1. Please identify the pairs in which a residue from the range 11-31 that is in contact (Cβ under 8 Å) with a residue 24 or more places away in the chain and among the hydroxyl-bearing types (S, T, Y) has its Cβ atom under 9 Å from the Cβ atom of a residue that is in a loop (DSSP other than H, G, I, E, B) and open to solvent by 40 Å² or more (accessible area, probe 1.4 Å), counting only partners at least 6 apart or on another chain.
2. Restricting to the range 128-155, count the residues that are farther than 17 Å from V94 by Cβ and either of a type in the set (S, T, N, Q) or open to solvent by less than 20 Å² (accessible area, probe 1.4 Å) (or both).
3. Evaluate the range 68-76: report whether one residue or more is modelled with pLDDT under 95, closer than 22 Å to L15 by Cα and not aliphatic (A, V, I, L, M).
4. When the range 94-117 is examined, which residues are found to be surrounded by fewer than 18 Cβ atoms within 10 Å (Cβ to Cβ), touching a Phe, Trp or Tyr at 6+ places or on another chain (Cβ under 8 Å) and either under 16 Å from F31 (Cα atoms) or touching a residue at least 60 places away in the same chain (Cβ under 8 Å) (or both)?
5. Mind counting the residues in the range 131-147 that are among the β-branched types (V, I, T) and modelled with pLDDT of 95 or more?
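The values are calculated or read from the model by the stated rules, or taken from the named source; none is laboratory data. Only a predicted model underlies this, so the values are computations on that prediction, with no experimental measurement involved. Virtual Cβ from ideal backbone geometry, glycine too; neighbours counted across all protein chains shown. Ligands, DNA and RNA are stripped out before the accessible areas are found, and what is left, the full protein with its side chains, is counted by its heavy atoms. Shrake-Rupley method; radii C 1.70, N 1.55, O 1.52, S 1.80 Å.
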Amino acid sequence: MEELVYGLDRRTRKLCKLYFRIVNYLQPDFFLDFFPSSPCYRFYVTAACKKVSYHQINHEFSFDDVNDKEHLATKCCVAHIPLTNNYQDSVDYVLNNLSSDSVLVLEGIKKDKDTNLFWKKLIMDSRVGVTFDLYYCGIVFLKTNMTKQNYIVNY
């Protein structure tokens with residue numbers, strides 16, 4: 001895939017590979033890509049899972065943007081949200097409406113003081129289970145029946 005998608009910086013390539021691995025493992029029904037910084041994410045996600053329904057969201061999010069919105073709350077979903085724009089509302093909306101089998105990936109968790117504080121509050125949120133701090137992105141599993149734990153990983 002590196003030959004097909006070229007010209008990416010090192011961090012973007014690492015994130016693409018991470019999204020590929022997550023989607024390949026979970027085989028989700030939906031991938032919600034909020035304000036993507038690179039169009040390459042779509043390529044990696046759809047290569048990892050042929051059945052995934054990829055939705056790129058470039059404006060204020062509403063479940064009306066998703067054709068199968070009635071199934072979204074019961075299906076496995078991966079949501080990618082960079083901590084830019086109006087990220088607090090997007091994250092809150094996603095946490096309230098996705099199934100417990102879903103995973104949320106947040107980019108830029110240590111970008112500045114506000115995003116770092118937001119990440120720390122999210123770790124303590126009752127709607128969140130296990131979290132992984134990869135320094136420049138965070139992975140949030142919404143299964144609350146798992147023992148709440150935050151792992152710090154050098155990725």
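1. T12/S37
2. Final tally of qualifying residues: 7.
3. Yes, the range 68-76 has at least one match.
4. The one that is surrounded by fewer than 18 Cβ atoms within 10 Å (Cβ to Cβ), touching a Phe, Trp or Tyr at 6+ places or on another chain (Cβ under 8 Å) and either under 16 Å from F31 (Cα atoms) or touching a residue at least 60 places away in the same chain (Cβ under 8 Å) (or both): N97.
5. 3
This table checks each residue for (1) among the polar types (S, T, N, Q); (2) at pLDDT 90 or above; (3) within 23 Å of R11 (Cα to Cα).
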{"position": "D64", "(1), (2), (3)": "no, no, no"}
{"position": "N85", "(1), (2), (3)": "yes, no, yes"}
{"position": "L106", "(1), (2), (3)": "no, yes, yes"}
{"position": "D125", "(1), (2), (3)": "no, yes, no"}
{"position": "I152", "(1), (2), (3)": "no, yes, yes"}
